Amino acid sequence: MPEWKEEIRQRLATLKLEPAREAEIVEELSQHLKDHYAESLARGATPEEAYRATLAELSEDETLRRELSRVEREVAPDPIVLGTNRRRNIIADIWQDLRYGARMLVKSKSVTIIAALSLAAGIGANAAIFSIVNSILLRPRPVAQPDRLVELYTNGGPTSYPAYLDFREHNEVFTGLAAYSLEQFKLGGAEQVEEVRGEIVSGNYFDVLGVRPFKGRAFLPEEDRTPGAHPVAVISHSLWLSRFNSDPDVIGKTITLNNVTLTIIGIAPLEYTGMMRGLACDVWVPAMMMPQLAPAIGLPNLTHSGNHWLTPIGRLKPGVTLEQARASFDLLVRRLREANPEDWREERGDTGEIFELSVTILPESETRIPPVVRIPVYALIASLMVIVNLVLLIACMNLANLLLARAVTRRKEIAVRLAMGANRFRLIRQLLTESALLALLAGAAGTVIALWLLTLFIAFMPPLPGGLRVALDVRLDWHVLLYTLGFSTLTGMLFGLVPALQASKADVVKALKDETSLFAGGYRQSRLRNGLVVGQLALSLLLLIGAGLTLRSLEKLRP
């Protein structure tokens, strides 16, 4: 059996490799040449013919020498100083992975663009929906110190005006307790009438919230004492722009609500659109104007303890915790119930059962969606998240398939790296770095797509019945950007893991001889890719059917 190691050392002498690295490569290639020599003998060649054929293969393998030279000289290892750790080397390795991954993405531009755009569509849809969720659920109301605000609910719903007055006068835990109720009004005279939404509020509403008017003033204490004595209103910034064309002298002018003339005393700031998240409020009117605005129910609403229509909102005193406020109100409600038991009892309409009322205090973070509509709103949000995540899953399956196909074209490169002694973990880390870079590129494109989708959503939002108008602050703040960054990185790493694991199982000898594909389990790889294609088709069909059913439902809901 000829000795091949010395021949290989002579061929690699010009590369000036490190002794340890050279020994590993010589050992690997000598085994490859021995196998080739034995195969030639098995096919009937003489020892001399087998020797010449094997030597010719080594002489002709210039590609291998160029790859070895390029990779060995690519990054010189950092010196390890005695008494220090390998952190500097780890950083150098990461920087090398990032540079090499960026070069590989640039090298295969078409695959990179297709994969990034495919993934960006799913990430953009997710970011757009999360931006809406963030606007409704996560972002605090634009008021002063929202973490100190709480809302009071009587058996999960509104409270009566007499009960609100008792709470305001006898509590010991709030610096102020206001109240509000979302109502529908007819704005304008006989010639031009439009439905708008407004809030009937207590006189200290803006003071408790810490909202300063953009122009004019808020309500005064005396405007909250005598029914019908002070016909005044605060209008929204958007109503000032649309109805009054940004008239700087609008303060002191009048508007007509439900055929009642009210004097404009202030304009709310642009960012404040009312207490109901997602719905715009165009006008605020003192609760004392209820008898004029709604004659049939106005006075009973102010005097009868059985009419529940107001939601109290309070600001905790400094140092008072939510638990202390709840304990204090339990005692207060107990005293009020003992003093006026009939006011704190109600009859259940369906069964006739008499039950006692109780008060629940919730922090501002839990009242952005009112309890009475929380379940349907959460169900709608969950449905939207499921839909966009199915779109993203399809895109990720497509990405995994593209990465698997791309790994086949890089079988020679990966085999050379393994032949040089690169361990499997190092190779997987490099491939995952490339996937992460691709995902970050898709995340950047997805952010642009999200902005475009949100712009379309706001521009083409159809008018809602009853004067309802959507008011969502869907700007991409740090919550949305951080979500998009983390989601993109996690997606790229997760769906790049399987191709990386498959690529690291290279049969070096066969790959260097270019006799077969990169993967030792080619049949398993084929089944994996076929499974991904089948999964994409199945999910696409599911989304198509769901979209058709949704469109049919919307068509039936049209008047």
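None of the figures in this text is laboratory data; all of them are computed from the coordinates on show. Model, not experiment: these values are computed from the prediction. Backbone-built Cβ (ideal geometry, glycine too); neighbour counts: all protein chains shown.
Here the spin labels are modelled as points 7 Å beyond Cα on the Cα-Cβ line, and at R326 and F355 they lie 1.9 nm apart.
Placing a pseudo-label 7 Å from each Cα along the Cα-to-Cβ vector at D249 and D147 gives an inter-label distance of 4.7 nm. One chain, two ends: L241 and N423. Fully extended at 0.36 nm per residue, the span grows by 58.9 nm beyond their Cα-Cα distance. Rounded, prolate or oblate: which fits the range 184-263, taking a ≥ b ≥ c as square roots of the Cα gyration tensor eigenvalues, rounded meaning a/c under 1.5, else prolate when a/b beats b/c? It is oblate, given that a/c is not under 1.5 and a/b is not larger than b/c. In this entry, the range 177-328 is assigned a mean projected area of 10.2 nm², taken as a quarter of its C-alpha convex hull surface. Largest first and in whole Å, the equivalent-ellipsoid semi-axes of the range 294-404 read 45, 21, 14, each the square root of five times a Cα gyration tensor eigenvalue. Each principal axis of the Cα atoms in the range 378-483 has its own extent, and those three values, largest first, are 72, 25, 23 angstrom. Stretching I387 away from E169 to a fully extended chain increases their span by 73.6 nm, per 0.36 nm per residue minus the current alpha-carbon distance.
Rounded to the nearest 0.05, the FRET efficiency derived from the C-beta distance between E413 and E342 at R0 = 56 Å is 0.10. Once the chain from K107 to A56 is taken as fully extended at 0.36 nm per residue, the excess over their C-alpha distance is 15.2 nm.
The residue list G203, S246, A178 was ranked by how far each Cα lies along the charge dipole of the range 150-286 toward its positive end, using unit charges on Cβ atoms, and S246 comes out on top.
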